Amino acid sequence: MVSTEGDSTLAIEPVEGKKGRARFVDLGRTFAARVENSVPQLRSEQLELLNPDKNPFFGHAHAQLFIAMRDGRPVGRISAHIDELALEMSAEQGFGPGTGLFGYFDAEDKDVARLLLETAQDWLRSQGMTRSVGPISMSVWEEPGLLVKGQDHAPVIMMGHHPAHYARWIENAGYIRAKTLYTYDLDISKEFPPLVQRIVKSGERNKRITVRPVRKKDWDAEVAKILGILNDAWSDNWGFVPLTPEEVAYTGIKLKPVIHQELNMIAEVEGKPVAFMLTFPDVNYALAKSGGKLFPTGWWHLLKWARNPQNCDMRVPLMGVLKEYQSSRLASQLAFMMISYIRRNASAKFQSKRAEIGWILDDNQGMVAIADAIDSSINREYAIYAKPLD
């Protein structure tokens, strides 16, 4: 697609091959560096997520990447992609038949944004899609949504960070907000309110319940339990797409370096795993020092940090309770016990003072109630947009 602007020419080029993906990633890094409070991520990880030979997401998805060029200079990028598993979900859950996705959206100005979005839409139409949803980069389990509030403070681990004006450009292209995701800020240096403490104590008196740290020596088996619970617990949520066995194994490998047993819990009822909560120290603290590069000294900063991440923030990206327990009193006991134990360990062992919980869907009443009960407050808001492809 080509657009003429006075004496300038704006063209969209499809990205192909390893070198093309590297250009795409490096362009995104250039844009990210311009956003206040952004933190450079590991380039090698960003490249791997886009590599069909390495990321098992591409076992059920295909994508086309695009770069916008103005007079030979790169000025924007976007992905258009289709997740076959998302197509199999019900439309009421956000995706469903005919729904394609866009992501990795960066643009120098509104004209570039318009042409990029049109190009992604045209590609999705050519693949038979009737609806475009995004930004989702690239799987819904990676970085869903556009940051629309919260640019005034740095992101934590695995959180997208975007300039505020991107929302206006996407909305001007005819996109309507389909879903809002929140993250909650939590002071973990103080005890939870008395009501939460009473619920925890009642759970501790229940001899059926065991809440234990994950066993890192049995990590592969623990990951399978956790993500098995996740696939069940989240199966009715908006935007849910099941993780495949290959993705479960891949996720386990990727998470292991940031796993500290004291910060990750599995809850069992009569010996059966029924709930989990994952908490990660904020690796962005170390990435900020390394500039997102492993060499020449970045690996040292990361290794030192990973062994003993003191005084860093924490993030709770995932927790879940099997559906058969979600409407029971037991569910709140399990949730508050895991949160309380992890809060205590993060504060005592790692001297952490704050954590972020999220993403949480704006209509997830159970999780919103938990966030309110522990006196946390919304500190970031992400938007996912949708548009019919006429």
Check: How large is the dipole of the chain about the Cα centre if only Lys and Arg carry +1 and Asp and Glu carry -1, each at its Cβ, rounded to the nearest 20 debye?
Finding: 1580
Margin query: For a quick check: with amide H placed at 1.01 Å from N, whose amide H comes under 5 Å from Leu318's, ignoring anything fewer than 5 positions away on the same chain?
Written below: Leu278
Next item on the list: Work out the charge dipole of the stretch 105-204 with +1 on the Cβ of Lys and Arg and -1 on the Cβ of Asp and Glu about the Cα centre, then indicate which of Gly174, Ala107, Phe192 is farthest towards its positive end.
Entry: Phe192
Checklist line | Compactness of the stretch 303-390, expressed as Rg and Dmax over alpha-carbon positions, Å | finding: 16.3, 56
Next item on the list: State in Å² the accessible area per residue of the stretch 160-315; use a 1.4 Å probe, count heavy atoms of protein chains only, and round to the nearest integer.
Entry: 48
Next item on the list: Please report the relative contact order for the chain, taking Cα pairs under 8 Å with a sequence separation of at least 6, and give it as a percent rounded to a whole number.
Entry: 22
Notebook entry, point to check: Taking all protein chains as present, what is the carbon and sulfur share of the accessible area of the stretch 68-201, in % to the nearest whole number, probe 1.4 Å?
Noted result: 52
Checklist line | Column: log10 I(q)/I(0), Debye, Cα scatterers of the stretch 52-96, q = 0.18 Å⁻¹ | finding: -0.68
Next item on the list: Would you work out if the stretch 92-143 is rounded, prolate or oblate? Take a ≥ b ≥ c from the square roots of the eigenvalues of the alpha-carbon gyration tensor; rounded if a/c is under 1.5, else prolate when a/b is larger than b/c, oblate otherwise.
Entry: oblate
Next item on the list: Quick one: dipole size for the stretch 253-388, taken about the Cα centre, charges +1 on Lys/Arg Cβ and -1 on Asp/Glu Cβ, in debye to the nearest 20.
Entry: 660
Check: How would you classify the stretch 217-293 from its alpha-carbon gyration tensor, with a ≥ b ≥ c the square roots of the eigenvalues: rounded for a/c under 1.5, else prolate if a/b is greater than b/c, otherwise oblate?
Finding: prolate
Next item on the list: Calculate, for the stretch 78-117, the solvent-accessible area per residue in square angstrom, rolling a 1.4 angstrom probe over the heavy atoms of the protein chains.
Entry: 30
Next item on the list: Return one quarter of the surface area of the convex hull spanned by the alpha-carbon atoms of the stretch 14-121, equal to its mean projected area, in nm².
Entry: 7.8
Note to self: At 1.4 Å probe size, with the rest of the protein present, what percent of the exposed accessible area of the stretch 335-381 is carbon and sulfur atoms?
What the structure shows: 52
Check: Given the options Ala286, Ala68, Ala164, which has the most mean-square fluctuation in a GNM of the chain, springs set between C-alpha atoms less than 10 angstrom apart?
Finding: Ala164
Notebook entry, point to check: Calculated from DSSP H runs of 4 or more alone, at -39500 (n - 2.57) each and per residue, what is the 222 nm mean residue ellipticity of the chain, nearest 500?
Noted result: -11000 deg cm²/dmol
Margin query: Can you report the principal axis dimensions of the stretch 328-378 using only the alpha carbons, biggest first, rounded to whole angstrom?
Written below: 33, 25, 15
Note to self: If amide hydrogens are placed 1.01 Å from N in the peptide plane, which non-local residues have theirs closer than 5 Å to the one on Val274?
What the structure shows: Ala267, Glu268, Val269
Note to self: Using +1 at the C-beta of Lys and Arg and -1 at the C-beta of Asp and Glu, which of Ala346, Met265, Met319 has the Cα lying farthest in the positive direction of the dipole of the stretch 249-386?
What the structure shows: Ala346
Checklist line | Rg and Dmax [Cα atoms of the stretch 142-269; Å; Rg one decimal, Dmax integer] | finding: 18.8, 57
Margin query: Using DSSP to call loops (not H, G, I, E or B), can you name the trypsin sites (Lys or Arg not before Pro) in the stretch 53-105 whose Cβ has at most 15 other Cβ atoms within 10 angstrom?
Written below: Lys54
Checklist line | Computed over the stretch 227-385, the ratio Rg/Rh where both radii use C-alpha atoms and Rh is Kirkwood | finding: 0.97
Next item on the list: Find the Rg to Rh ratio for the chain, where Rh is the Kirkwood radius over alpha-carbon pairs and Rg uses the same atoms.
Entry: 0.97
Next item on the list: Show me 102-114, 22-34 ranked by packing, highest mean number of other Cβ atoms within 10 Å first.
Entry: 102-114, 22-34
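The values are calculated or read from the model by the stated rules, or taken from the named source; none is laboratory data. What you see is a predicted model; the values in this text were computed from it and never measured. No Cβ is skipped: glycine too gets one built from the backbone with ideal geometry, and neighbour counts run over all protein chains shown. All accessible areas refer to the heavy atoms of the entire protein, side chains included, with ligands and DNA or RNA removed. Shrake-Rupley method; radii C 1.70, N 1.55, O 1.52, S 1.80 Å.
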